[in-house]
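**Student:** Quick one: structure below, then a few questions.
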């Protein structure tokens with residue numbers, strides 16, 4: 001009898017050997033615990049577009065084989081480029097603010113990212129604003145709808161092909177206020193970002209994708225965010241890097257294992273985790 005193969009995709013939370021302090025990702029711990037082989041196609045800084053495509057491409061390579069598919073999704077503000085690289089739209093503005101106010105926290109990688117992506121990020125944002133006449137909510141709705149569509153298409157593919165699967169959100173599937181902050185010019189009222197974001201959340205909850213995924217038995221739910229859980233339990237590498245440390249990866253593996261084998265939904269009180277209030281309020 002052949003051994004089942006775990007196929008995983010995600011961003012830096014799932015990449016093997018991402019950090020010396022946590023060389024083994026949660027997916028490897030999960031495969032060991034389940035007694036499975038593993039194929040990991042995750043990539044640091046990946047967009048949900050990349051994660052979806054890489055997962056489906058890998059599943060196609062193993063069509064008809066005994067596999068389990070697990071995804072840890074990224075955030076909607078990551079835009080895929082043609083060469084599969086990714087621009088994180090809200091990162092440049094965030095890093096520019098950090099460079100001005102907390103230069104001691106800027107790493108070489110941060111500076112290189114700003115240098116490489118500042119111009120293209122500005123071009124993408126300007127094009128979006130021009131196309132939609134600076135209609136913030138229309139841009140936001142399309143970005144979130146794009147992400148939730150990937151979630152649902154992943155489920156549909158696995159259901160259609162009788163593939164065992166589970167998925168969760170590493171970062172908030174609805175983004176955060178930076179989705180709107182990105183579109184606001186320096187001379188505009190910054191409170192507009194918070195106002196539009198809260199309105200956007202109410203619209204999302206009326207969408208078909210949202211309602212279908214809310215009832216999914218294979219998605220860990222909109223209330224649960226792995227990155228929030230890592231921050232709140234402090235199972236991270238350092239105060240400057242909230243990627244999971246080795247214990248954090250082991251805990252994430254336990255969460256997936258319990259979800260897959262015991263139908264145990266992650267508890268919002270699990271290990272001290274409290275859901276971010278703004279997601280639903």
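**Student:** What's the number of the condition residue 189 fails, among (1) more than 24 Å from residue 25 (Cβ to Cβ); (2) at pLDDT below 95; (3) surrounded by 13 or more Cβ atoms within 10 Å (Cβ to Cβ)?
**Tutor:** Going through the list (1) more than 24 Å from residue 25 (Cβ to Cβ); (2) at pLDDT below 95; (3) surrounded by 13 or more Cβ atoms within 10 Å (Cβ to Cβ), residue 189 breaks only (3).
**Student:** Right, another one. Which one is surrounded by the fewest Cβ atoms within 10 Å (Cβ to Cβ), of the residues in the stretch 159-186 that are out of contact with any helix residue (DSSP H, G or I) (no Cβ under 8 Å at 6 or more places or on another chain) and at pLDDT 95 or above? Outline the logic, then answer.
**Tutor:** First, the residues of the stretch 159-186 that are out of contact with any helix residue (DSSP H, G or I) (no Cβ under 8 Å at 6 or more places or on another chain): 159-160, 162, 185-186.
Those left that are additionally at pLDDT 95 or above: 159-160, 162.
Numbers: 159: 11, 160: 8, 162: 6.
Among residues in the stretch 159-186 that are out of contact with any helix residue (DSSP H, G or I) (no Cβ under 8 Å at 6 or more places or on another chain) and at pLDDT 95 or above, the one surrounded by the fewest Cβ atoms within 10 Å (Cβ to Cβ) is 162.
To keep it simple, each residue is scored yes or no on (1) over 19 Å from residue 151 (Cβ atoms); (2) modelled with pLDDT of 75 or more; (3) in a helix (DSSP H, G or I).
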residue	(1), (2), (3)
44	yes, yes, no
65	yes, yes, no
71	no, yes, no
129	yes, no, yes
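The values are calculated or read from the model by the stated rules, or taken from the named source; none is laboratory data. In this text the structure is predicted, and so the values were computed from the model without any measurement. Reconstructed Cβ throughout: ideal geometry from the backbone, glycine too, with neighbour counts over all protein chains shown.
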